[in-house]
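Every read-out reported here was derived from the displayed coordinates using simple, explicitly stated rules and does not represent laboratory data. All figures in this text were calculated on a predicted structure; none of them were measured in a lab. Glycine also receives a Cβ, built like all others from the backbone with ideal geometry; neighbour counts cover every protein chain displayed.
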Amino acid sequence: MRSEKSTPTIGVHIPTARAADAKPVLEVRGLSLRFGGIRALNNVSFSVAPGSITALIGPNGAGKTSLFNCISGFYGPFKGEVLFRGHPITRLRPPVRARMGLARTFQNIALFRGMTVLDNIKLGRHAHMRSNLLDGLLYWGRAHREEEALTREVDERILDLLELGPIRDESVANLAYGLRKRVELARALAMQPVVLLLDEPVAGMNREETEDIARLILKVRDEWKLSVLMVEHDMGMVMDLSDHVAVLSFGRLIAQGKPEVVQQDPEVIAAYLGTNAAGQLEPATQEVHA
């Protein structure tokens, strides 16, 4: 686990104040998922509070992405349910969940490399667009008005917030990796999320790029008043940003709570570091990854 003497990713994080009785914006209740005889998730339950940053961590193969896929609608669970703002959404298709306010990024960048930054971001709004195929083909009336309004909103709210204005009209193919990850985050914001699902937002980034994204995640959470659920490998970032941490191991939730408490949990330490033949914890030989 991260040493107490290590340097924080972006400095001290002060969690957002929330009412103690605030209802969760997202809940996972008793979720189980199977692939043939393999149980990917086993009775997983946790919740995301309004305005919070919740991190989902665990060793490789723990089931984190499978859980994300159940929440966003790409997988149907064997058992259990997902609730969004108190309403069950387990059987709803991904586009319906997106319109309700669930927006997601992916581990692997899924941008259109031949399109500009602006056009890639605007694609995130497709689930909310009201113009039909004929409107789009003729590009008049409702389609034209929607396009102009969306462009103004992206310029004023998203490009400025994520510091992408100077590269607005650049082709994504010409951008550095860190900037492309930022564009993907911007596209998710164009979906008008209530809960932002970030699947390894700083994977493959250097330290400077990681600190930039961490700073922007806090900025987005605070200015847009949304909740964040993220899967992340960088434990320094997890401990600095998160209000709540949930830990998976072999598809089972083994701990959850405040970052400083979870970090000291014996079962969490054992899941990451393993034990020797005598049942004692083996010393860490490298940085821990979720």
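So how do 95-101, 199-205 stack up, highest first, on mean other-Cβ count within 10 Å?
Highest mean packing first, the order is 199-205, 95-101.
Short version: ³J(HN,Hα) in whole Hz for each residue of the stretch 77-90, in order, from phi by Karplus 6.51 cos²θ - 1.76 cosθ + 1.60 (θ = phi - 60°), x for Gly and Pro, what are they?
x, 6, 8, x, 8, 10, 10, 10, 6, x, 10, x, 10, 4
Sorting check: for 237-248, 261-272, which peptide has the highest mean count of neighbouring beta carbons within 10 Å, and how do the rest follow?
Output ranking for 237-248, 261-272: 237-248, 261-272.
Enumerate the calculated ³J(HN,Hα) couplings along the stretch 249-260 in order (Karplus 6.51 cos²θ - 1.76 cosθ + 1.60, θ = phi - 60°), each rounded to whole Hz, writing x wherever the residue is Gly or Pro.
Result, rounded to whole Hz: 8, 6, x, 10, 6, 9, 6, 7, x, 5, x, 5.
Across the stretch 239-247, in residue order, what do the Karplus-derived ³J(HN,Hα) couplings come to in whole Hz, using 6.51 cos²θ - 1.76 cosθ + 1.60 with θ = phi - 60° and x for Gly and Pro?
5, 7, 8, 7, 8, 8, 10, 10, 10
What is the packing order of peptides 219-230, 31-42, taking the mean over residues of other C-beta atoms within 10 Å and listing the highest first?
Packing order, densest peptide first, comes out as 219-230, 31-42.
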